[in-house]
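Below you'll find the structure, written out as C-alpha cells, and then a few comments.
The values are calculated or read from the model by the stated rules, or taken from the named source; none is laboratory data. Predicted, not measured: the structure shown is a model, and the values here were computed from it. Quick reminder, even Gly has a Cβ in these numbers, built from the backbone with ideal geometry, and neighbours come from all protein chains shown. Accessible surface areas use protein heavy atoms only, side chains included; no ligands, DNA or RNA. Shrake-Rupley method; radii C 1.70, N 1.55, O 1.52, S 1.80 Å.
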Amino acid sequence: MLYDVLVVSNGGGKRFTTERDAPLSVGDTFEQDSESYRVLAIQPGHGPFDCVIEAEWLGSSGPGESAPA
C-alpha cells in the first residue's frame, strides 16, 4: 500500500511517501528513515495513494539504537 504521510506533530508540515506490505491502522507505529511515527488518523487516498495518514513523530534512532515506543 502506498501512503501519503503528513506529520502533524513536532512543528508539523513535514510530508513524505511510504509504502508498506500490510495496511496501517490508527495507533500503529512505523519507521521511516530511522524515525518513528504513530498513526493518528487515516483519510481516503488521492491520485496514486491508497490512503493519507496523519502521523505523530515519536523520535529518531541512530545506528544500533532502538526507536522510542
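Under 15 Å from the Cβ of Leu6, count the other residues' Cβ atoms, weight Lys and Arg +1, Asp and Glu -1, and hand me the total. Overall, the nearby charge balance is -2.
Based on C-alpha pairs under 8 angstrom that are at least 6 apart in sequence, the range 1-41 has a relative contact order of 30 percent. In the range 1-60, the alpha-carbon atoms span a convex hull of 73 Å³ per residue.
Solvent-accessible area of Leu40, all protein chains in place: 80 Å² (probe radius 1.4 Å, heavy atoms, ligands and nucleic acids excluded).
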